[in-house]
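Okay, so here's the structure we're looking at.
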Amino acid sequence: MSETMSKEDSAYFTQSFNDNQRNGQISFDQFSLICSEYKKFDQAVLKETLKDLKTALDKKNNNAQINFKQDDYFHHLNTVIKDQALSKNQNDPEMEKLFKSLAGKDGDYVYKKKLSDIIKTFDLTINLDQFFQPVGGQEEINFNEFCSLFHVEKSDENLRKTFINFIDKSSKEPDEKEDIKAIYKANFPIKYYGN
């Protein structure tokens, strides 16, 4: 199963695998069709993800038939879901404002240590190894990498409040205060991938 999807979505994709599998495997074409029929996916982003995935798998398998066992199916489905979230986050003005607030004056990077310290300060139940997995051992995290740490969800009020409260307390400039108000007003619809 995928750690980045709801139970309902997981049940949908499990059933789709079961309905389309032969001898415990599913073809890449069937995988693509399942993803294409899923209404929550942005089809333009999906098309690019599937194209990149097919190219990588063709190269790895010397252009042989591509079939997935259930574990591989969910692994590649997780890639599709992360690409969908990354695209949404990169175009989300609140995500950009959050990044800029955390990045400080230079604005090019958020430091992993700073983000870790924020999480630890508020005793958030976040597995830091899992949270930072998309960026590996990097200390400087650029905007695209920062976006890869999160997926969009509207229900996690506590996480939103935690980040907003921290940024609000640490901002000293009037412009920063206005940015915080805008983020809060927008209901900060961002949740990290971890739990």
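Points to keep in mind about this one:
- Cα-projected label distance for LYS113 with LYS60, points at 7 Å along beta-carbon direction, nm: 3.6
- Derived scalar couplings ³J(HN,Hα) [the stretch 62-74; Karplus, 6.51 cos²θ - 1.76 cosθ + 1.60; whole Hz; x for Gly, Pro]: 6, 6, 6, 3, 9, 10, 10, 7, 4, 4, 5, 4, 6
- Note on LYS40 and GLU139: with the Förster distance fixed at 41 Å, the Cβ-Cβ geometry gives a FRET efficiency of about 0.75.
- In order along the stretch 103-111, the Karplus-derived 3J(HN,Hα) couplings, from 6.51 cos²θ - 1.76 cosθ + 1.60 at θ = phi - 60°, round to 6, x, 5, 5, x, 8, 9, 10, 8 Hz, and Gly and Pro are given as x.
- Spread of Cα-to-Cα distances over 10 Å intervals beginning at zero, given as percent, for the stretch 7-90: 17, 53, 28, 3
- Of ILE26, ASN78, LEU53, farthest towards positive along the dipole that unit charges on Lys, Arg, Asp, Glu beta carbons give the stretch 7-90: LEU53
- For THR14, the shell of other residues with beta-carbons less than 13 Å away shows a net charge of -3, using +1 for Lys and Arg and -1 for Asp and Glu.
- This ranking places GLU94, GLU8, GLU140 by how few other beta-carbon atoms lie within 10 Å of each, fewest first, which gives GLU8, GLU140, GLU94.
- Projected label distance in nm at THR125 and ASP19, using a 7 Å step from Cα toward the beta-carbon: 3.4
- Surrounding net charge for GLU140, when Lys and Arg each add one and Asp and Glu each subtract one, Cβ distance under 12 Å: -1
Throughout, read-outs are computed from the coordinates displayed, never taken from laboratory work. These figures come from a predicted structure and were not determined experimentally. Positions of Cβ are backbone-derived with ideal geometry, glycine not excepted, and every protein chain shown enters the neighbour counts.
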